[in-house]
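Have a look at the structure below before the remarks.
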Amino acid sequence: MKKGLKLSSKVLSRLLIAGLIGFVTTFTVYMFNLENKLIYYVIRPFLNKHYDSQVRDRRIV
C-alpha cells in the first residue's frame with residue numbers, strides 16, 4: 001500500500017511541476033507578446049522574401 005502511494009505522489013508531483021513550468025512559459029509568452037514578435041521579425045520577412053522572389057506571369061489589365 002505504501003509503495004503505491006509513494007509512486008502516485010511521485011507521479012503527481014512531477015505532473016504538477018510540469019504543469020507549473022508550462023503555465024509560466026505560456027504566461028511569459030502572453031505577457032511579452034512574443035508570438036506576434038516572432039511573426040513580425042522572423043516569419044513575415046521570410047514570407048516577403050519568398051513571395052517577392054516568385055516569377056509572376058499574369059498581369060492585371
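Given the residues K10, K2, which is the only one that is surrounded by fewer than 10 Cβ atoms within 10 Å (Cβ to Cβ) and out of contact with any Asp or Glu (no Cβ under 7 Å at 6 or more places or on another chain)? Going through K10, K2 in turn, just one is surrounded by fewer than 10 Cβ atoms within 10 Å (Cβ to Cβ) and out of contact with any Asp or Glu (no Cβ under 7 Å at 6 or more places or on another chain): K2.
Per-residue answers, yes or no, for (1) at pLDDT 95 or above; (2) open to solvent by 100 Å² or more (accessible area, probe 1.4 Å); (3) in a helix (DSSP H, G or I):
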{"position": "G19", "(1), (2), (3)": "yes, no, yes"}
{"position": "F23", "(1), (2), (3)": "yes, yes, yes"}
{"position": "L38", "(1), (2), (3)": "yes, no, yes"}
{"position": "V42", "(1), (2), (3)": "yes, no, yes"}
{"position": "N48", "(1), (2), (3)": "yes, no, yes"}
{"position": "V55", "(1), (2), (3)": "no, yes, no"}
{"position": "R59", "(1), (2), (3)": "no, yes, no"}
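The values are calculated or read from the model by the stated rules, or taken from the named source; none is laboratory data. Fair warning: this is a prediction, and the values are worked out from it, not measured in the lab. Quick reminder, even Gly has a Cβ in these numbers, built from the backbone with ideal geometry, and neighbours come from all protein chains shown. Just so you know, the surface numbers come from the protein's heavy atoms only, side chains and all, with ligands and any DNA or RNA stripped out. Shrake-Rupley method; radii C 1.70, N 1.55, O 1.52, S 1.80 Å.
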